[in-house]
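K.L.:
Handing you this structure, nothing more for now.
The values are calculated or read from the model by the stated rules, or taken from the named source; none is laboratory data. Predicted model only: the values in this text are computed from it and were never measured. Backbone-built Cβ (ideal geometry, glycine too); neighbour counts: all protein chains shown.
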Amino acid sequence: MLFPDYFADRAKQCLGLAKRMRNPKLAETFAERARVLTQTAMEAERSLGRALTDRFRIETALRESEQQLRWLASIVESSHDAIISVDSRGIITTWNNGAELLYGFASDEVIGRPINILVPPDRPHEDRRFLERLKCGERIEDHETVRQRKDGSRVDVSLMISPVKDAEGNVVGASAIVRNITERKRAEAREKMLMAELDHRVKNVLSRVDMVLMSSRIGSSSIDEFTRSVKGRIQSMAAAHYLLSQKGWHGVGLEALVRNQLAPYATGANVTISGTDIALPPAKIQAVARVLHELATNAAKYGALSIPGGRVSVSWDRKPDGKGTNLILIWREIDGPPVASEIHSSYGIDLIRNLIPHELGGKVDLVFQSEGVSCKIEFPFEQV
């Protein structure tokens, strides 16, 4: 391209010649040529300006494009998710730091190798189906599956795969974002387990409440007595559940349980508790709580806790039996009213005698002596 100055110089030369010419025709010819050259210079200047402007725009666009590419590359490299690309044959072409963290392969170990090195042996056709769908231009979103690490371990992942197209719109490969969802899967499994456990516990509680209602109805002589019995037994169950929930259902100390069940009747001097504090698992806590409630209710109605000066002693210890260790709990009523020699059977007495053998494989010795009721409870003990 000729620069505007060239034409401007030539125009000046022609204009100078026109002024020096004595021949009017030659003068007019050079003057006309000067005008043409001046116009050409002006047009060249405008063209050059446009060219420079276009060049500036192109260079600016290129710089911005390069900066965007650098930003994109930085985002890809710093992403915690694995970002991988493959060609149309399923050969790995790019591999970011997230992929290295997820799978354990360095980029130089996988680039150029088939993507199916990440697929577990029991899923041989999964990636082949993906490639077939991608070749049709489909996008695969939030597909949850399992992939295999370099060390052979498996990892739960979510895949988002998009086709990569050339300028003509032909699919030439694919890019994938792979997210580790192991923690989420564990949380879901735990939630499912907790829901199943909660369902089991609720059904178990409702079953016990139903049994309490039926048994209390049979042993009650009036509506008021029935109401009091049911209320006391359900409150006892609720108190035991509260203790267990406070400990995450992993076990509760026996001393806390005894104090919890005797709390409605204890005045400080009328209850003595002794024994090394030991933790019992939920099933044993619930069974012992129900037995303690019946013993305490009976003592409050007819026994040592029904009169001033009466006392209850609860103690326990562990005893080896050759096969393991048993827990022995002793309930003893002292300074209470005389106890009748003949005691009619009732729901509460039947529960005291039969619940521990039935649910815990233990033994119960309930004795109604004239000087007071005593109860020895023995069952296998395992440290929680």
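K.L.:
Restricting to region 133-155, name every residue that is part of a loop (DSSP other than H, G, I, E, B) and modelled with pLDDT of 90 or more.
P.N.:
As a first pass, look at region 133-155 and keep what is part of a loop (DSSP other than H, G, I, E, B): 136-139, 149-153.
Within region 133-155, Arg149, Lys150, Asp151, Gly152, Ser153 meet the criteria.
K.L.:
Looking at region 81-91, which of its residues are of a type outside the set (Gly, Ala, Ser) and surrounded by 22 or more Cβ atoms within 10 Å (Cβ to Cβ)?
P.N.:
Narrowing region 81-91 to residues of a type outside the set (Gly, Ala, Ser): 81, 83-84, 86-87, 89, 91.
Matches in region 81-91: Ile84, Val86.
K.L.:
Quick one: in region 127-155, of everything that is surrounded by fewer than 17 Cβ atoms within 10 Å (Cβ to Cβ) and acidic (Asp, Glu), which residue is farthest from Ser85 (Cα to Cα)?
P.N.:
So the residue we want is Asp151.
K.L.:
Considering Ala304, Ala256, Ala299, which residue is under 22 Å from Ile377 (Cα atoms), under 38 Å from the mean Cα position of the chain (by Cα) and of a type in the set (A, V, I, L, M)? So that I can check it myself, show each step before the final result.
P.N.:
Values: Ala304 fails: under 38 Å from the mean Cα position of the chain (by Cα); Ala299 fails: under 38 Å from the mean Cα position of the chain (by Cα).
It is Ala256.
K.L.:
Would region 169-176 turn up any residue that is within 17 Å of Ile84 (Cβ to Cβ), part of a loop (DSSP other than H, G, I, E, B), touching a helix residue (DSSP H, G or I) at 6+ places or on another chain (Cβ under 6 Å) and touching a residue at least 24 places away in the same chain (Cβ under 8 Å)?
P.N.:
Restricting attention to region 169-176, the residues satisfying the condition of being within 17 Å of Ile84 (Cβ to Cβ) are 171-176.
Pick out the ones that are also part of a loop (DSSP other than H, G, I, E, B) and you get none.
Checked region 169-176: no residue is within 17 Å of Ile84 (Cβ to Cβ), part of a loop (DSSP other than H, G, I, E, B), touching a helix residue (DSSP H, G or I) at 6+ places or on another chain (Cβ under 6 Å) and touching a residue at least 24 places away in the same chain (Cβ under 8 Å).
K.L.:
Quick one: would you say Lys319 is in a strand (DSSP E or B), surrounded by fewer than 14 Cβ atoms within 10 Å (Cβ to Cβ) and without any contact (Cβ under 8 Å) to a residue 60 or more places away in the chain? Write out each step before concluding.
P.N.:
Values: in a strand (DSSP E or B): yes; surrounded by fewer than 14 Cβ atoms within 10 Å (Cβ to Cβ): yes; without any contact (Cβ under 8 Å) to a residue 60 or more places away in the chain: yes.
Yes; evaluated as a whole, the condition is true for this residue.
K.L.:
Taking only pairs six or more apart or across chains, which ones have beta-carbon atoms under 9 Å, a first residue in region 361-384 that is buried (at least 20 other Cβ atoms within 10 Å of the Cβ), and a second residue that is of a type in the set (Ser, Thr, Tyr)?
P.N.:
Val373/Tyr302; Phe381/Thr325
K.L.:
In region 37-59, which residues are more than 60 Å from the chain's Cα centre (by Cα), farther than 21 Å from Lys12 by Cβ and not small (Gly, Ala, Ser)?
P.N.:
Scanning region 37-59 gives a single hit, Arg50.
K.L.:
Identify all residues within region 337-360 that are of a type in the set (Gly, Ala, Ser) and in contact (Cβ under 8 Å) with a residue 40 or more places away in the chain; write none if there are none.
P.N.:
Ser346, Gly348
K.L.:
Can you report the number of residues in region 271-310 which are touching a residue at least 40 places away in the same chain (Cβ under 8 Å) and surrounded by fewer than 20 Cβ atoms within 10 Å (Cβ to Cβ)?
P.N.:
Adding up the residues that qualify gives 10.
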